[in-house]
Amino acid sequence: MRILVSGGAGYIGSHTTLQLIASGHDAVIVDDFSRSKRSVVPRLEALAGRSIEVREVDLTHVPATEALVADGGFEAVIHFAGLKAVGESVEKPIEYYSNNLGSTLSLLAAMRRHGVPKFVFSSSATVYGENASVPMKEEFPTSATNPYGWTKVMQEQILRDAAVADPSLRVALLRYFNPVGAHASGTIGEDPSGIPNNLMPLIAQVAVGRRQKLLIYGDDYPTPDGTGRRDYLHVEDLAAGHVAALDRLGTAPGVSTWNLGTGTPTSVKEMVDAFARACGHELPVEIAPRRPGDVAESYADPSRAEAELGWRAGRTIDQMCVDTWRWQSNNPDGYPA
Ligand code: UDP
């Protein structure tokens, strides 16, 4: 299949692009490089052993997206591109809604015009909102607590409505839990722009000496060690989930929703300890107040993806830390400009 990978230069997009190529697909990256670096591309090409077509397009630009899809010959779009910082979304809601919803809308319009039938969407466990019980199941109601989360809820709804109106459209809504880790080569990985928001890149930057210490946001949660528990999954397992979902869309009509997680929660303290084992030294931490909006626990019921996709996230927390450390220690400042 010839597949358009939006945000293919980003963290999850880059790992997925490689696995698509390894599975025999022809992946074309479209990225505006607003939050990713061009220098990821030669690294991907080295790992893939072939050149990769890259198009620089702002997907909120309707005519540019139309032109991209019109002459692309694509059978599927995997849509990773989007803004994803929760705190920033509270400061800049209009930018978040117009960017995240705008890109999905212009892609869908272009796909309809040119008969592209498959859409795989990067959704998030954030759509379960703050009052969901654990483990989280796909049939739970959706809601959000910040503009970023609402863009995911709304994009899911847009895709469901589009599929009702156009029975030839096949959609996978992939609800990611907490992706971490890096490619085993240590040459591609997560390189957040600015101050990271997520636990793993923060731990990695502390370990490599870019930051002084890790703040642990709350140790008084109703969890075994008092720190928040999340469902971390290796980005290589997550990438494999996209390949499996794409294959499954060959036979699944309409909209399919799949949680992508391990089903097993890990606490902040457990993650810090695992990372210390991986990097070989203790990490300075300080207990801080809870972060507003955080829940005590979030983890998937991944049984639907297991049953329907034959997919499981099998890599361990130790593997996630070892691979993150290889990437971070080889690239302490991330990708070159
Ligand atoms: N966390 C923390 N310190 C940080 C960043 C995150 O203690 O500097 C905790 C956070 O409270 C949560 C877990 O790490 O319990 C995962 O946070 P992240 O932002 O990575 O994911 P999310 O909360 O969105 O699932």
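Mind scanning Lys152/Lys213; Lys137/Lys213; Lys37/Lys84; Lys213/Lys269 and naming the pairs with a C-alpha gap bigger than 24 Å?
Check vs 24 Å cut-off fails for Lys152/Lys213; Lys137/Lys213.
Output the antiparallel fraction of DSSP beta bridges having both residues in the stretch 204-337, as a percent to the nearest 5.
25 percent
Please label the shape of the stretch 18-119 as rounded, prolate or oblate, based on the square roots a ≥ b ≥ c of the eigenvalues of the alpha-carbon gyration tensor (a/c under 1.5 means rounded; beyond that, a/b larger than b/c means prolate, else oblate). Write out the running numbers ahead of the final one.
Working: a/c = 2.14, a/b = 1.24, b/c = 1.73.
The shape class here is oblate.
Computed FRET efficiency, Cβ-Cβ of Arg38 and Ile158, R0 35 Å: what is it to the nearest 0.05? Don't jump to the answer; show the numbers that get you there.
Numbers: r = 30 Å, r/R0 = 0.86.
Rounded to the nearest 0.05, the efficiency is 0.70.
Provide the gained length on full extension for the span Asp71 to Ser185, in nm with one decimal, where the gain is 0.36 nm per separating residue minus the Cα-Cα distance.
Separation in residues times 0.36 nm, less the Cα-Cα distance, equals 37.6 nm.
Which percent, nearest 5, of DSSP beta bridges in the chain are antiparallel?
About 5 percent, rounded to the nearest 5.
To the nearest 500 deg cm²/dmol, what mean residue ellipticity at 222 nm is calculated for the chain from DSSP H runs of n ≥ 4 alone, each contributing -39,500 (n - 2.57), summed and divided by the residues?
Helix contribution divided over all residues of the chain: -12500 deg cm²/dmol.
Please work out how much length the chain gains when fully extended from Leu283 to Val90, using 0.36 nm per residue of separation minus the C-alpha to C-alpha distance, in nm with one decimal.
Once the chain is fully extended between Leu283 and Val90, it gains 66.4 nm.
Compute the whole-percent fraction of alpha carbon pairs in the stretch 84-156 spaced more than 15 Å apart.
Details: 1536 of 2628 pairs.
Cα-Cα pairs in the stretch 84-156 separated by more than 15 Å: 58 percent.
Counting pairwise Cα distances across the chain, what percent come out greater than 30 angstrom?
Tail of the P(r) past 30 Å holds 31 percent of the pairs.
Compute the Cα gyration tensor for the stretch 154-252, then decide on rounded, prolate or oblate, letting a ≥ b ≥ c be the square roots of its eigenvalues: rounded whenever a/c is under 1.5, prolate when a/b is larger than b/c in the other cases, and oblate in all that remain.
Numbers: a/c = 2.57, a/b = 1.84, b/c = 1.40.
It comes out prolate by the Cα gyration axes.
Comparing Glu66, Glu270, Glu282, which has the greatest mean-square fluctuation in the GNM of the chain with Cα pairs linked when under 10 Å apart?
Glu282
Starting from the amide H of Tyr128, placed 1.01 Å from N in the peptide plane, find each other amide H under 5 Å away whose residue is 5 or more places distant or on another chain.
Ser143
Pull out the extension gain between Ala276 and Arg304, defined as 0.36 nm times the separation in residues minus the alpha carbon to alpha carbon distance; nm, one decimal.
That pair, Ala276 and Arg304, stretches by 6.7 nm at full extension.
So if I take the centroid of the Cα atoms in the stretch 127-165 and the same for the stretch 62-117, what is the distance between those two points in Å?
18 Å
Compute the label zone of Asp247 within the stretch 53-84: residues whose backbone N is under 20 Å from the point 7 Å along Cα-to-Cβ.
Counting backbone N atoms under 20 Å from the label point, the list is 75-79.
To the nearest 20 debye, what is the magnitude of the charge dipole of the chain about its Cα centre, counting +1 on the Cβ of each Lys and Arg and -1 on the Cβ of each Asp and Glu?
280 debye
Put +1 on the Cβ of every Lys and Arg and -1 on every Asp and Glu Cβ in the chain; which of Val243, Pro179, Pro201 then has its Cα farthest towards the positive end of the dipole?
With unit charges placed on the Cβ atoms, the residue in question is Val243.
Bear in mind these aren't lab numbers, they're just calculated from the coordinates by the rules spelled out. This structure is a prediction, so every number in the text was calculated from the model and none was measured. We place every Cβ from the backbone using ideal geometry, glycine too, and count neighbours over all the protein chains shown.
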